[in-house]
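Values in this text are rule-based calculations from the coordinates and carry no lab data. In this text the structure is predicted, and so the values were computed from the model without any measurement. Positions of Cβ are backbone-derived with ideal geometry, glycine not excepted, and every protein chain shown enters the neighbour counts.
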Amino acid sequence: MTRILANRVRVWLLGGLMAAAFVFSAPLATTAEAQSKDPIKVGFSMALSGALAGGGQQSLVAIQLWAEDMNKKGGLLGRPVELVFYDDQTNPKNVPGIYSKLLDIDKVDLIVSGYGTNLIAPAMPIAIEREMTFMGLFGMNANAKWEYEKYFSILPAGPDPAVGFSEVWFQAVQKKFQPKTIAVIAADAEFAQNLKEGAVRNAKAFGMEIVYEENYNPKTPDFTPILRAANAKKPDAIYIASYPNGSAGLVRALAEVGTDAKAVGGGMVGLQFAGIMAGLGPMLNGIANYDFFVPEPTMNLYPGASDLIDRYQAKVKAENLKVDALGYYLVPWAYANVDILGQAVQAVGSLDQDAIADYIRDNEFTSVVGKVKFGKNGEWDRPRTLVVQYQDITNNDLSQFSKAGTRKIMLPADISTGELQPFNDLRK
Amino acid sequence: MAIFIDLLLNALVIGILLGGFYAALSIGLSITFGLLDVVNIAHPTLLILGAFIAFFLNSTWGIDPVLAGLIATPLFFAIGWVIYQIYYNAFEKSGAESLRGLAFFFGLLFIIEVGLIIQFGVDHRLVEAWYIGESANIVIGSEIDVAIPYRLLVAFVVAVAATLAIQVYLTRTFFGRAVRAVAQDMMALRLMGVDPIKVKRIAFAMGVATAGIGGALMIIVLPIEPSVGRLYIGNVFAIVVLGGLGSISGTLLAAIIIGIAESIVATFFGPSWSPAVSFGILLAVLALRPEGLFGKTAGAH
C-alpha cells in the first residue's frame, strides 16, 4: 500500500515537474485572428520573468496590441499576423537558442528583439548569420561591434548612443551646477557598461574630473558602502548606470546615507517601473534621471502615444494582467519596434529581408514615438532622450505618477516643465 | 586619516549588519542541508515566497513586514512538513534522494516561482515600514559619522535572535539533541526506539519555517521579484558550507565574516571585487579546513 502511494506521489511529482518544464519552455504562440491558414509569423524572445520582466511584460502587451491593430486592418500583405515568442527569463544564455528555434523550427518570417541590451547582444550573431532584418528594443549601442547593416534600434539616443543617451543629462547638470567633479557608479552588465563608457566620455567633454568610477555586481544586496566610498571623494555630481535592483538599492542608500552631490541619477533603469516608483515613493525626490515618455502637459512629441497608453492601461485593468499598471516607459517603444517593421513590409510588398532593411534605412517613419529616421549602425539619426527630475512626491500612491508634476521635464528645453533643483533641496 | 577611519567604521558596521541579513537567509538551509543532509535547493525560492506573503500582508492591511514574517512562520512550518513527507515517501525512503531528490527541489523551485508570477506578476515589489529609508547616525568628533540603516539593523536583530533561539533549542532541549543525533547516526537513534523520520520531518519543517521570517527580512532589505531567489542560491550554500555543516552558530559567524569582507572590499577596493573575495574566502577555508570554520571533523563524530 505504501509502495503504491509512493509511486502515485512520484507520478504526481513527475507531472508537476513536467508542467513546470512546459510553462518554461512551451511556445506562447497566439493567433490574434484566424483569418488565414498562412499567417506572417513575427518571432521574438522576451523577458517575461527575471530581473527585466517588469519591462518585458509591458512590451509584450504592446506588441500584442500592435498585432490586434494589424489584424483589424487586414493583416500584413493581406495575411494575418501571428506572434511567436518565448520567455528568455532575462538570461542572455537562453537567447541564441530561442532565435535558432524561432527560425529553424517555428519558421518565423520576421524577428524583433526582446527588451534590453543584455538580451539583444546575444541574438545579434543569429540575426547576422541568417541575414535577417533585426529590430532592437532599447539596445544601448548593441550594434557598435557588429556594424550589421540590417539592425535598427528603437532607442532615442542618437547616432552614438553611448554618448547621446547621457549627453542631455550632462547638459542639464552642467548648465545648472557647473560641477567640477563627478562619481560614476555602474552595474557590471552590458547595458550599464556601455552607458558608463558614454558617461565617462561626456564627463571629460564637459570638463568634469572623475573622482570615483566603480562597477558593482548585480547581486549586491546593499549599496551603502558603495555610496559611502563615492561620497568620500566629495563629488559635485553622481552619475549612476544601473538596472532595477541596483536602482532601487541605490535610492534607498541615498535616503539612508545621503550625499552632498548636487545632481544624482542619470541612467537608472527601473525607476520608471510602476512597482518600483510606488515602492520608493518620496525617496525618489531629487533624483534626476533619463526617461522617454512622462505624463507632462508638454509631452506632445509623440502623437498617438497617449491613446496607446490609455488602451494599454484599459487592457491591463480589464484583463487583470499582472503587468506594469502604467506602461509609460516601454509601451510606445515596443509598439513602434514592430510597427516600423510592419510599415516597411507593407511598403516593400514582400518579406525580402534585404528590401525591408533598405527601405527602413532610406525612409523616415511616423509611429507612436513620432518621426523616426535611422542613421549609422541603425541608431536614431538624432537623440531625443528626456531628463526628468522626481519632485513633489509625497507618498507611495501609484496614481500620483500618472499625473503631471512628479517627473518634471528638465530637457529638452522646448518641452521643459520645471527647473533642475539641487538634490538635497528636494529631500525632506 | 579621519576619512579612512570613518569609512572603515562604516564598512565594519554595515558588514556586520549585512552578515546578519545573510544569516537570516542561510539559517534554514543550515538545518535542512547542514544537519539533515537534504539538498533543499528551493530554499531561496521559499524565502521569496515568504517575501511575497510579507508584501501581501503589508500592502493589503499595512501589517509591519517583520510581524507579517512571524505570522507566516507557522504556515511555512506546515509547508516544510508536507515537503519533507513527500520527499521522504518518494525519494529518501527508496534511497533515490541524491539525484532525483535534487530534481524534486528544482521542480519545487520552478513551481513556486511560476505560482508567484501568476499571482503577483513580475514587477519588483517593496514594502513600507517606518524603518526603511531611515538611519541612526553616531557622530564622533567632527569628521566621523557612522550611519546605521534601520532596515539592516532590524534584519540583523531578528536574524541573531532567530539564530540564538534555534541554537538554544538544538543544544538544550531533548528534541534538539535528537535532531543532532539523527544527523550523526540515524541507525543508532532507531535502535534506541526513536523514529528518526519523525525527528527529521520536524527539523526540516523548522528549517523551512525560517523562510517565513527570512523572506520578510529579504523584502525589507531589497526589492523582490519572483526569480530573485535564484541569485542567492550560491551565496546561501557557500555560507552554510563556510560555517561548517550542521553548525548553527557557525553559519551566523560565517555570514558575518562574508558580510564584513564584502563591505570592506566594496568600500576600499571597489564593489566589483566583492563576490570574488567572498568565494575566495570560501575556497581558502575549505582548502585549509574542509569541514568549514565551525564544523566537526569526521573524527569528532
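Counting DSSP beta bridges in chain A, what percent are antiparallel, to the nearest 5?
For chain A, the DSSP antiparallel bridge percentage is about 30.
From Cα pairs below 8 angstrom and at least 6 apart in sequence, can you work out the relative contact order of chain A, rounded to a whole percent?
Relative contact order comes out at 17 percent.
What net charge do the residues around A:Ala357 carry, taking every other residue with its C-beta under 11 Å from that of A:Ala357, with Lys and Arg at +1 and Asp and Glu at -1?
-4
Could you give each residue of the stretch A:63-78 its phi-based ³J(HN,Hα) in whole Hz, using Karplus coefficients 6.51, -1.76, 1.60 with θ = phi - 60°, and x for Gly or Pro?
For the stretch A:63-78, the Karplus curve yields 5, 5, 5, 5, 4, 4, 4, 4, 5, 5, 8, x, x, 9, 6, x Hz.
So which aspartates and glutamates can A:Lys175 reach, going by Cα to Cα under 18 Å and dropping same-chain residues fewer than 8 places off?
A:Glu167, A:Glu209, A:Asp236, A:Asp414, A:Glu419, A:Asp425
Report, ordered by chain and residue number, the aspartates and glutamates lying within cross-link reach of A:Lys73, taken as a straight Cα distance under 16 Å and ignoring same-chain residues fewer than 8 apart.
A:Glu33, A:Glu82, A:Asp339
What is the fewest-to-most order of A:Glu190, B:Glu225 by other Cβ atoms lying within 10 Å of their Cβ? Don't jump to the answer; show the numbers that get you there.
Working: A:Glu190 20, B:Glu225 28.
Arranged by neighbour count, lowest to highest, A:Glu190, B:Glu225 become A:Glu190, B:Glu225.
Taking H as built 1.01 Å from N, whose amide H comes closer than 5 Å to the amide H of A:Leu411, not counting residues under 5 places away?
Sorted by chain and number, the residues that satisfy this are A:Val387.
What is the stretch B:37-110's relative contact order, in percent, from Cα pairs under 8 angstrom and six or more apart in sequence?
In percent, rounded to a whole number, it is 43.
Please list, by residue number, every one of the chymotrypsin sites (Phe, Trp or Tyr not before Pro) in the stretch B:113-203 that is coil in DSSP and has at most 10 other beta-carbon atoms within 10 Å. List each step's numbers first, then the result.
On the way: sites: B:Phe120, B:Trp130, B:Tyr131, B:Tyr150, B:Phe156, B:Tyr169, B:Phe174, B:Phe175; in loops: B:Trp130, B:Tyr131.
Answer in residue order: B:Trp130.
Which value at 222 nm does chain A reach when only helices count, each DSSP H run of 4 or more adding -39,500 (n - 2.57), with the total divided by all residues and rounded to the nearest 500 deg cm²/dmol?
For chain A, the value works out to -12500 deg cm²/dmol.
Take peptide A:74-86, look around each residue's Cβ out to 10 angstrom, count Cβ atoms belonging to other protein chains, and average those counts.
Counting Cβ atoms of other protein chains within 10 Å of each residue's Cβ and averaging gives 0.
Taking the Cβ of each residue in B:Thr73, B:Thr267 as the centre, tally the other Cβ atoms inside 10 Å and list the residues starting with the fewest.
Ascending Cβ contact count within 10 Å gives the list B:Thr73, B:Thr267.
For a test of the definition: using alpha carbon positions, the gyration tensor, and the 1.5 limit on a/c, classify the protein assembly as shown as rounded, prolate or oblate.
Verdict is oblate for the protein assembly as shown.
Within the set A:Lys72/A:Lys317; A:Lys150/A:Lys219; A:Lys262/A:Lys373; A:Lys41/A:Lys145; A:Lys107/A:Lys150; A:Lys145/A:Lys408, which residue pairs have Cα atoms separated by over 25 Å?
Values: A:Lys72/A:Lys317 22 Å; A:Lys150/A:Lys219 35 Å; A:Lys262/A:Lys373 36 Å; A:Lys41/A:Lys145 29 Å; A:Lys107/A:Lys150 19 Å; A:Lys145/A:Lys408 35 Å.
Violating the 25 Å Cα-Cα cut-off are A:Lys150/A:Lys219; A:Lys262/A:Lys373; A:Lys41/A:Lys145; A:Lys145/A:Lys408.
Taking other Cβ within 10 Å of each residue's Cβ, how do B:Tyr88, A:Tyr328 sort, fewest first? Don't skip to the end; give the middle numbers.
Numbers: B:Tyr88 20, A:Tyr328 26.
Fewest-to-most Cβ neighbours within 10 Å comes out as B:Tyr88, A:Tyr328.
Within 10 Å of each Cβ in peptide B:87-100, how many partner chain Cβ atoms are there on average? Round it to a whole number, please. Mind dumping the intermediate values first?
Working: counts 2, 2, 9, 10, 4, 0, 3, 3, 0, 1, 0, 0, 0, 3.
Average per residue, whole number: 3.
Classify the stretch B:82-202 as rounded, prolate or oblate from the Cα gyration tensor: take a ≥ b ≥ c as the square roots of its eigenvalues, call it rounded if a/c is under 1.5, otherwise prolate when a/b beats b/c and oblate if not. Before the final figure, lay out each step's value.
Details: a/c = 3.69, a/b = 1.57, b/c = 2.35.
Oblate is the answer for the stretch B:82-202, as a/c is 1.5 or above yet b/c matches or exceeds a/b.
Distances longer than 34 Å among the Cα atoms of chain B: what percent of all pairs is that? Before the final figure, lay out the partial values.
Values: 9790 of 45150 pairs.
Roughly 22 percent, once rounded to a whole number.
Using Cα positions and a limit of under 17 Å, work out the aspartates and glutamates in reach of A:Lys403, with same-chain residues fewer than 8 apart set aside.
Of all the aspartates and glutamates, those that pass the test against A:Lys403 - Cα under 17 Å, at least 8 places apart if same chain - are A:Asp291, A:Glu296, A:Asp307, A:Asp310, A:Asp324, A:Asp392.
If contacts are Cα pairs under 8 angstrom and at least 6 residues apart, what is the relative contact order of chain B in percent?
Computed over chain B, the figure is 38 percent.
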